[in-house]
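I have placed the structure first, in the form of structure tokens, so that the comments after it can refer back to it.
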Amino acid sequence: MNELTKLTAKDFATDQEVRWCPGCGDYAVLKAVQRTMPELGAKPENTVFISGIGCSSRFPYYMETYGFHTIHGRAPAIATGVKLANPDLDVWIITGDGDALSIGGNHTMHVLRRNLDCQILLFNNEIYGLTKGQYSPTSRAGTRSPSTPYGSVDRPANPCAFALGSGARFVARGIDVSKHLPDVLKAAYAHKGAAFVEIYQNCIVYNDDVFAPFTAKENAGKQLWLKTGEPMLFDGGAKGIALDVETLSLRVVDVTDGDWQSAGVLVHNPQNKALAQMLVEMPSDIFPVALGVIFDSPAPTFESAVVEQNKAAAAGKAPNLQALVSKGQSWQVEKEPRAE
Amino acid sequence: MATATHIVTPEESEPHGPLEAVVVRFAGDSGDGMQLTGGQFTLSTALAGNDLATFPDFPAEIRAPQGTTFGVSAFQINFGSSAIETAGDAPDVLVAMNPAALKVNVASLKPGGLIIADEGEFGARNLAKAGYDANPLDDGSLAKWQLIKFNISQLTLDAVKPFGLGNKEALRCKNMWTLGLALWMFDRDRGPIEDWLKTKFAKAPELAEANIAALNAGHAFGETAEIGGPLKQHHIDPAPAEPGLYRTITGAESISLGLVAGTQLAGLKMFFGGYPITPASAILHHLSRLKEYDVTTFQAEDEIAAIASAIGASFAGSLGVTSSSGPGIALKGEAMGLAIMTELPLVIVNSQRGGPSTGLPTKTEQSDLYQAVYGRNGDAPMPVISARSPADAFDCAIEAVRIAVQYMTPVMLLTDGYIANAAEPWKVPDMGGYAPFPVTFHDERPAEGEQVLAYKRDDKRARVWIKPGSEGLMHRIGGIEKNVKTGHIDYNPDNHQAMTDMRAAKVMGVADTIPDQDVTLGEAGSKLAVVGWGSTFGPIHQAVRRARKQGLDVSHVHIRHIWPLPKNLGELLATYDRIIIPEMNNGQLKTLLRDQYLVDAKPVLKVSGQPFMIAEIEAAIDEALNA
């Protein structure tokens, strides 16, 4: 590809017919990703999209990059092999709430703790769409579904809290149709290491409007878009998040005339893990939903450590197959020893 | 010094004539270092030029309670001046380091065989732990064997006294004392063992010295103590062997080396994804030290991630390899299907062990043949190769790599716990004699307006292998059925039929590039063929050799390529009047061969976690010929 040729969203779209339900939030995410790729300077030939199983996992078929639609839950493991085999590739993992947190929970945990350099986009629609509507590990308690006709009784997992608990060094949230999503994607791409992005994605067929309490236009005041070095304000700046020192927990404070300082509103520092943990676990009653880059604190990546160790271990040793097979204590048989 | 209390018949006490082969079993507590003793005795045996085969037999528990029967660890070695192919049926010599070791092992000792016991360990407590009411060394219950007992523990303590070790550490040198005695018995050089001890304890020279002192004391004991009777020195002549450089090798080592050689011959980097499991872990351990051969090893979070990462690496242009044992292979099943569907090269090593479920982790079995050939959802054909011995596993690993890259397919290499752990002499191959089979990645960009055809095939029906990173060749693959031409998703009924046929034909086509089945010993058209696969090679070969010496019309056919089978196999089998198939399972190859060729093959089965004895196969041959 000529370096001077400016790519567009179209260059990242395949000729394959997109097969999601009309109105699915996945379309919006696909568009946002295709639009963002040129801005990242991403090269299609150096980019690999890897997915597991689920509605969102069809994603790679629609990206004009290298792509691998794998098996349920295993995308992080496949991605680990791809990245270790060729660390120069840009690896994106596309997954969902069931794929990443139920059947593939183990791999999600380990790819995060190892800090493989990749972007993980978890499309959270709080439902199993592809299998026709069963409740998922992120479904709220009481969710009625074909497999839980009387309502689910188990408590849901919180994807971002799971990621932080697994040792993720980058945790962010976005909304499928939000105009801020490209910025979140850019921040994830810029982060060297495993970048975990939870995207609230509306399933129009099986779980429509489950996020409406904060995504609907009239509820936009419930969105807290975090920006580094800026106060945590929401509801048009009328409210903010402060720290209750007594209980060591967050609380909502009113802000009058923009004087957030005297209201004690916190300034966002994405390197503060304790704060990140509190932000992702804010209850949904009077609190807003924390969005944008919640935690961003880079650490050395897994594949670079592997490459370095391989290099160091191989240093000064010339590969020689004949010497290798001859290693160890050996003996020479000169001739037939029992000639008698 | 005590001598045996029982009466040994004159015949029994006669020294053996010039010995052709001897079977020695070292048995003790898991903490007694019997595997080390056996390993070093093996080395000295190899250096003496004897042919040999070994059988390490240890408990699944890492440190079972001391002195118990389930904590007994044993190492058997068969060595001699003629070709040795099994670890031997019954030992001639049993070294028993405690009552439990005696109890577990004595029954298999040959009548008239020699027991060397450490009487220092035969106190009331240890006797009770082993379940003995009376001391077997004194009560005459061992009368059918020859017995020598002395206090190895005390003799060791005396020998290492100058080094000021604690009692526990000093007693740890017991195994070297025992080894020293064994080296004397078989007229062996102590030099290499001393060198090994110095290297092993480089950081603690006093331990090296103490162990060497124990080794020398054991040796001197044999030399100077006038024990007489059954303890005497034997010399076993070197076995005839082709001239060349030799070393000992275990299956786990030879598979590791073969995988490295194979990937180098293919001109690829290797990515090995593994998860610890007995008895397969040794392959991960070996490969993790070979970074200079472009080997990346990855200890994954589970068996599924191990194979999945290997598939990812193959997609990215390395050769993905994974290894496990039965339970782990079961977990990898779905991912094998993905590799079959996406037609990516992959080598899966299965070190079989006793099953089902956790089964017998440290014991051997060959009961995963069905799993290898049939064990996946859908019509999911995959080539399967089986190694017959530790040395043979080297070539099998290279062959597995060749088939994987030339046919763009996962390949399963079957080995087993016996092969993985056992050692045998190996004539170091001349690597120049192996023809390279370099891989060519597809890098030709399609013409403007044309699609990338990722499922375009060559004359072997292998699809093109495109490395991500290649400009203009972006494409998507996955587990959903592919269009036979474009590789795009395609649910069309005719297309699925065509792709199913294609996958089957591709794998069957492997038979075009494997050798015809040979008759391992004997000829086509005998009255009886003994057909085997895998590690039953040794006992079958020896049994058939003995039968033929007696003039019986029997031949041995040993199959390496389990799937696809060699093209001439059906024809060859049809030439025999009768066929028996000894297997360490409930008749799996038998089913496969009956299904493929409608032959009336009769099973000879053993599923005890222990290898076949030669005598068992000989009996089966007699029975089959007389039936």
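The values are calculated or read from the model by the stated rules, or taken from the named source; none is laboratory data. Given the structure is predicted, the values throughout are model-derived calculations rather than measurements. Using ideal geometry, Cβ is built from the backbone for each residue, glycine included, and neighbour counts are taken over all protein chains shown.
For A:ALA195, state whether it is outside any helix (DSSP H, G or I), over 15 Å from A:VAL289 (Cα atoms) and at pLDDT 95 or above.
So A:ALA195 fits the description; yes.
Condition check ((1) in contact with a Lys or Arg (Cβ under 9 Å, 6 or more places away or on another chain); (2) aliphatic (A, V, I, L, M); (3) within 23 Å of A:ALA274 (Cα to Cα)) across all residues:
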position	(1), (2), (3)
A:GLY133	no, no, no
A:PRO137	no, no, no
A:GLY142	no, no, no
A:PRO146	yes, no, no
A:ASN158	no, no, yes
A:ALA161	no, yes, yes
A:GLY165	no, no, yes
A:GLY174	no, no, yes
A:LYS179	no, no, no
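When the residues of segment A:58-81 are filtered to those that are of a type in the set (A, V, I, L, M, F, W, C), facing chain B (nearest Cβ under 7 Å) and assigned to a helix (DSSP H, G or I), the one that is surrounded by the most Cβ atoms within 10 Å (Cβ to Cβ) is A:ALA77. The residues in segment B:466-494 that are among the aromatic types (Phe, Trp, Tyr) and in contact (Cβ under 8 Å) with a residue 60 or more places away in the chain can be counted, and the count is 0.
Select from segment A:101-128 the residues that are part of a helix (DSSP H, G or I) and of a type outside the set (S, T, N, Q) and list them in ascending order. Within segment A:101-128, A:LEU101, A:ILE103, A:GLY105, A:HIS107, A:MET109, A:HIS110, A:VAL111, A:LEU112, A:ARG113, A:ARG114 qualify.
Only one of the listed residues (A:ALA276, A:ALA299, A:ALA263) is surrounded by 11 or more Cβ atoms within 10 Å (Cβ to Cβ) and in a helix (DSSP H, G or I). That residue is A:ALA276.
Kindly establish whether B:ALA46 is over 16 Å from B:LYS174 (Cβ atoms) and over 21 Å from the mean Cα position of the chain (by Cα). Criteria not met by B:ALA46. Listed by first and then second residue, the pairs linking a residue in segment B:587-600 that is more than 12 Å from B:GLU571 (Cα to Cα) to a residue that is of a type in the set (Phe, Trp, Tyr), with Cβ atoms under 6 Å apart and 6 or more places separating them unless they lie on different chains, are B:GLN588/B:TYR370; B:LEU589/B:TRP533. Only one of the numbered conditions (1) farther than 30 Å from B:ALA64 by Cβ; (2) assigned to a helix (DSSP H, G or I); (3) out of contact with any strand residue (DSSP E or B) (no Cβ under 8 Å at 6 or more places or on another chain) is violated by B:PRO327, and that is (1). Considering segment B:458-493 alone, what residues qualify as being surrounded by fewer than 17 Cβ atoms within 10 Å (Cβ to Cβ), in contact with a helix residue (DSSP H, G or I) (Cβ under 8 Å, 6 or more places away or on another chain) and away from chain A (no Cβ under 12 Å)? Listed by number, the list holds a single entry, B:LYS460.
Taking (1) in contact with a Ser or Thr (Cβ under 9 Å, 6 or more places away or on another chain); (2) surrounded by fewer than 19 Cβ atoms within 10 Å (Cβ to Cβ) in turn, A:VAL29 satisfies each apart from (2). The residues of segment B:250-285 that are within 25 Å of B:LEU47 (Cβ to Cβ), out of contact with any Leu (no Cβ under 8 Å at 6 or more places or on another chain) and within 10 Å of chain A (Cβ to nearest Cβ), listed by number, are B:GLU253, B:SER254, B:GLY258. For segment A:170-223, the tally of residues that are of a type in the set (D, E, K, R) and farther than 21 Å from A:GLY98 by Cα stands at 7.
How many of the residues in segment B:286-305 are outside any strand (DSSP E or B), touching a residue at least 24 places away in the same chain (Cβ under 8 Å) and either more than 8 Å from chain A (Cβ to nearest Cβ) or over 23 Å from the mean Cα position of the chain (by Cα) (or both)?
The first filter runs over segment B:286-305 and keeps only residues outside any strand (DSSP E or B), leaving B:286-294, B:300-305.
Filter once more, keeping what is touching a residue at least 24 places away in the same chain (Cβ under 8 Å): B:286-287, B:290, B:293-294, B:300-305.
From what's left, either more than 8 Å from chain A (Cβ to nearest Cβ) or over 23 Å from the mean Cα position of the chain (by Cα) (or both): B:286-287, B:293-294, B:300-305.
Adding up the residues that qualify gives 10.
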